Every structure is written in structure tokens, then in C-alpha cells.
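Visitor: Encoded as C-alpha cells, here's the structure I'll be asking about.
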Amino acid sequence: MKYIDEFRDGALARRIAERIAADMRPERRYRFMEFCGGHTHAISRYGVAELLPDAVRMIHGPGCPVCVLPIGRIDQAIGLALERGVILATYGDAMRVPASGNLSLLRAKARGGDVRMVYSATDALALARAHPQREVVFLAIGFETTTPPTALVIRQAAKEGLANFSVLCCHVLTPSAITHILESAEVREYGTLPIDGFIGPAHVSIVIGSAPYEHFATEYRKPVVIAGFEPLDVMQAIAMLVRQVNDGRAEVENEFARVVTRDGNLAAQTVVSEVFELRPSFEWRGLGEVPYSALKIRPSFAGFDAERRFDLRYAAVADHKGCECGAILRGVKKPTDCKLFGSVCTPETPMGSCMVSSEGACAAHYSYGRFRDIEVRAA
Ligand code: SF4
């Protein structure tokens with residue numbers, strides 16, 4: 001297949017669904033976690049869940065970069081904009097994440113903070129060049145996909161000697177989060193969250209390759225199928241996972257072979273390790289403190305580290321009382337389990353981070369799936 005619409009072919013999707021149904025073992029249930037928000041979005045948008053047999057349940061994982069950003073980190077960025085007078089640059093979705101005191105970066109902007117939306121890390125660097133008299137801080141979020149561009153701009157700023165540019169680094173790591181989920185009480189002890197396998201991320205795997213997932217197959221006996229973001233990619237990945245489960249295999253398979261290799265993008269990995277090192281611990285929204293799950297800027301680039309430059313201290317902040325984002329990000333609850341879903345909390349008025357980005361489970365469910373659920377509950 002060559003063109004995007006071929007990966008959205010409804011007739012082919014139904015054929016794959018029939019094949020999955022034919023492969024089902026009687027009385028067997030299959031629970032797969034799609035780690036990545038891009039897959040959550042595709043599953044909701046294209047009605048993938050509706051095509052699947054009832055015995056297959058998809059569990060939404062924590063792979064939406066905006067959703068896992070803890071309130072304390074947004075508070076730091078808001079403080080820089082409102083109290084330290086910096087130009088705070090970040091991606092659009094991050095501006096709407098609810099923070100302390102009923103604020104968000106967007107609301108901080110309305111209060112006079114100089115908050116700018118950028119499309120790329122390069123745009124943030126351009127702001128620093130254009131405003132040499134002002135401090136410019138880039139709030140850098142995301143998984144392994146967005147980390148290399150951040151590393152490149154830090155390296156470029158060092159080369160140019162840009163003294164007014166720094167990065168508030170909130171980049172997080174996919175394999176550490178999967179390990180954390182597999183080690184969680186819900187999965188290991190209580191059995192409340194049985195996971196039979198994972199759909200591995202698409203874009204992240206282009207950078208890190210498929211090798212980092214082999215650990216989950218060998219150590220935890222969990223099949224992983226790396227998949228693209230189109231609906232047929234997801235359907236095919238589910239079919240491959242079902243076959244692995246039926247055969248008693250736990251392997252890393254690569255459905256997204258048109259882009260992902262075993263070793264990934266070595267040039268991107270090199271620049272990332274030149275600029276960043278592991279943090280001993282980092283707070284994720286919903287998962288809490290996760291060891292070695294995020295990156296910080298190496299001492300050799302300390303001048304570009306906003307945490308050092310502005311002597312920032314991190315303080316954890318609890319989520320809104322009624323918000324179930326934490327449980328949803330751990331895969332323990334569904335968006336419709338939250339009492340605020342669709343009433344108080346909508347994409348226009350998000351109360352929690354899962355309703356902000358289109359990759360968030362609540363936003364995806366609100367936009368594409370909630371009416372079906374409401375009908376089912378009413379029946
Ligand atoms: S619906 Fe809103 S308040 Fe409820 S879990 Fe989702 S984001 Fe949080």
C-alpha cells in the first residue's frame with residue numbers, strides 16, 4: 001500500500017475484524033494496552049473498538065505527552081511567565097493544561113504573561129534570536145519523538161552563544177513507563193488490570209527502534225506489536241497480538257516495518273545522549289514518581305537549563321478531586337467512569353489533562369465515542 005487512504009479502507013478493516021473474530025478462542029478474553037495517544041485517537045476516531053469482537057478490550061495507556069505532564073511542571077512554567085518576566089514558548093496543547101489556582105498557560109497569558117505558542121523547538125530558538133534583551137524559555141514536553149529537536153536547538157544555541165535561551169525540560173521515556181505499568185500493583189498483585197500485550201508506539205519507535213521492547217517480551221512474557229497510526233495498522237496489530245496470545249508466544253513484532261527498524265534512528269539517539277542524561281526520578285500525572293523515566297540537561301549544557309538558570313524547585317500538586325485522569329492513565333478506569341466527563345469537563349472546558357489533547361483518552365472519547373457509551377449505559 002502506498003497512499004494514506006489505503007490504510008483507511010473500511011472493507012479491508014472489516015475483513016481483518018472477521019479474521020480476528022475467527023481466531024478467537026472460546027471463553028478467552030484478550031486485553032491489550034495501546035500505550036500511545038496516537039493509537040487511542042485512531043481507535044476512537046475510526047471506530048476500531050466497534051469493529052472488534054466483544055472478547056477484545058483495548059486499554060488506553062499513558063502515552064499522551066500532554067496528559068502525563070504533572071501540574072507542578074505547568075506551575076513552574078506559569079511562574080516563569082508571570083513572576084520572572086520571561087517569554088515562555090511551548091506547543092499549543094500544553095497551553096491549555098489545567099494547573100494550580102484555576103490557571104493554565106493560556107490563562108496566564110490573559111493575565112499578562114508573555115506566553116507564546118510555537119510549532120517547533122526551532123521556533124522557540126528563533127524567538128530568542130529575535131528578542132536578545134529578553135529571557136526566552138522553551139517548555140519542552142513529549143516522548144522520544146520530540147526529544148531530538150529539543151537536543152538540536154540546545155546544541156545550536158550553544159554554538160551561537162545565545163545567552164538568553166533556556167529549556168524547561170519535561171521529556172519522558174516510553175520503556176520506563178511501560179515497565180512501571182507492568183510493575184504496578186494493579187497488574188502484578190491485584191490482577192485488576194490484566195494486560196495480555198501491548199501495541200507499541202509508532203513515532204517513538206522510529207527514533208528508539210524496536211529493540212528496547214524486547215525486554216517486555218523476554219522478562220515479562222508480554223507480546224508487543226509496534227504499529228502505525230492508521231486504522232488498518234491498528235487492526236493488523238491486534239490480529240498479530242491475538243495470534244501471539246493463542247500460540248503462547250511473547251515476541252516483539254513490527255507491523256510498522258515501512259518505517260521502524262530494530263535499531264531506530266542512530267543519529268537522533270546520538271544527539272539526545274550528547275545533550276541529555278537520565279533523571280533519577282520524575283513525576284508523571286497518573287503514575288506518580290517513576291524512576292529513570294525522564295531526561296534532564298547535562299551539566300555541559302547547564303547554561304541552557306531553565307531549572308538551574310532560574311533556580312526552580314519542584315513541588316508536586318494533586319489533581320482536581322473529581323478528576324479520574326490518574327486512574328485512566330494507568331488503564332484502570334475508562335473516561336465514562338468519571339462523573340465530570342462530558343458535563344463539567346469537555347474539550348472546551350477541560351478539568352483534567354486527558355481532556356486537553358486530541359490524543360488524550362477523554363478528549364478522543366468525547367469527540368468520537370461517548371454517545372455510543374451513553375446509549376449502552378442507558379440500555
Ligand atoms: S473527564 Fe475530565 S475530569 Fe474526568 S478524568 Fe477526564 S479529564 Fe479528568
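The values are calculated or read from the model by the stated rules, or taken from the named source; none is laboratory data. Since this is a predicted model, take the numbers as computed values, not measurements. All Cβ positions, even for glycine, are placed from backbone atoms using ideal geometry, and neighbour counts span all protein chains on display. Protein only, heavy atoms only, side chains kept; ligands, DNA and RNA dropped before computing areas. Shrake-Rupley method; radii C 1.70, N 1.55, O 1.52, S 1.80 Å.
Visitor: So which chymotrypsin sites (Phe, Trp or Tyr not before Pro) in segment 157-257 end up in coil per DSSP with only 11 or fewer other C-beta atoms within 10 Å? Each step should come with its number before you reach the end.
Guide: Values: sites: Phe165, Tyr190, Phe198, Tyr213, Phe216, Tyr220, Phe229, Phe256; in loops: Tyr190, Tyr220, Phe229, Phe256.
Answer in residue order: Tyr190.
Visitor: Just need the Rg to Rh number for the chain, please, alpha carbons only, Kirkwood Rh.
Guide: Working: Rg = 20.9 Å, Rh = 21.4 Å.
When Rh is taken as the Kirkwood radius, the ratio is 0.98.
Visitor: What's the extension gain from Lys321 to Ala267 if we count 0.36 nm per residue and subtract their Cα-Cα distance? Don't jump to the answer; show the numbers that get you there.
Guide: Working: separation 54, 0.36 × 54 = 19.44 nm, distance 4.38 nm.
So the extension gain works out to 15.1 nm.
Visitor: Apply the a/c threshold of 1.5 to the C-alpha gyration tensor of segment 20-170 and tell me whether it is rounded, prolate or oblate.
Guide: On the way: a/c = 3.66, a/b = 2.26, b/c = 1.61.
Prolate, since a/c reaches 1.5 and a/b exceeds b/c.
Visitor: Could I ask something else about it? What order do you get for 235-243, 115-123 when each peptide is scored by the mean count of other beta carbon atoms within 10 Å, highest first?
Guide: Working: 235-243: 23.6, 115-123: 16.9.
Highest-to-lowest ranking by the protection proxy: 235-243, 115-123.
Visitor: Now a separate question. Cβ under 12 Å from Pro65's Cβ, Pro65 left aside: what net charge do those residues give with Lys, Arg +1 and Asp, Glu -1? Display every interim value, and only then the final one.
Guide: Details: positive: Arg73, Arg285; negative: Asp93, Glu144, Glu359.
The answer is -1.
Visitor: Amide H of Phe138: which non-local residues (sequence gap of 5 or more, or other chain) have their own amide H closer than 5 Å, using H built in the peptide plane?
Guide: Amide H to amide H, under 5 Å and 5 or more residues apart or across chains, Phe138 pairs with Ala89, Ser166, Val167, Leu168.
Visitor: Here's another thing I want to ask about it. First compute the accessible area of the chain with a 1.4 Å probe, then give the percent of it belonging to carbon and sulfur atoms. Numbers along the way, then the final one.
Guide: On the way: 8430 of 16320 Å².
The C+S portion of the solvent-accessible surface of the chain is 52 percent.
Visitor: Roughly what % antiparallel, to the nearest 5, for the DSSP beta bridges in segment 223-379? Write down the numbers at each step before the final one.
Guide: On the way: 7 of 11 bridges.
Bridges in segment 223-379 are about 65 percent antiparallel.
Visitor: Using a 1.4 Å probe and ignoring any ligands, DNA or RNA, find the accessible area of Asp114 and quote it in Å² to the nearest 10.
Guide: Asp114 has an accessible surface of roughly 40 Å² with all protein chains in place.
Visitor: Using only Cα atoms, tell me the angle between helix 71-83 and the longest principal axis of the chain; keep it within 0 to 90° and round to the nearest 10.
Guide: 30 degrees
Visitor: Subtracting the Cα-Cα distance from 0.36 nm times the residue separation, let me have the gained length for Glu219 to Arg15 in nm, one decimal.
Guide: Details: separation 204, 0.36 × 204 = 73.44 nm, distance 3.39 nm.
Length gained between Glu219 and Arg15: 70.1 nm.
Visitor: Loop only per DSSP, at most 13 neighbouring Cβ atoms within 10 Å: give me the chymotrypsin sites (Phe, Trp or Tyr not before Pro) in segment 273-379, ordered by residue number. Before the final figure, lay out each step's value.
Guide: On the way: sites: Phe276, Phe282, Trp284, Tyr292, Phe301, Phe304, Phe310, Tyr314, Phe341, Tyr366, Tyr368, Phe371; in loops: Tyr292, Phe310, Tyr314.
Hits after loop and neighbour filter: Tyr314.
Visitor: Can I ask one more? Please work out the average accessible area per residue across the chain, using the 1.4 Å probe convention, and give it in Å². Don't skip to the end; give the middle numbers.
Guide: Values: 16320 Å² over 379 residues.
Per residue, the chain has an accessible area of 43 Å².
Visitor: Roughly speaking, what is the stretch gain from Arg129 to Ser367, that is 0.36 nm per residue apart minus the C-alpha to C-alpha distance, in nm to one decimal?
Guide: That works out to 81.8 nm of additional length.
Visitor: Let me ask something else. Give the longest segment of the chain that steers clear of GluC sites (Glu not before Pro) in DSSP loops with at most 11 neighbouring Cβ atoms within 10 Å, not counting the sites themselves. It would help to have the intermediate numbers written out before the result.
Guide: Working: sites that count: Glu27, Glu189, Glu219, Glu348.
It works out to 28-188.
Visitor: Hey, another quick one. Quick one, what does Rg over Rh come out to for segment 276-379 if you take C-alpha atoms and the Kirkwood Rh?
Guide: Details: Rg = 17.7 Å, Rh = 15.9 Å.
With Rh from the inverse mean 1/r over Cα pairs, Rg/Rh is 1.12.
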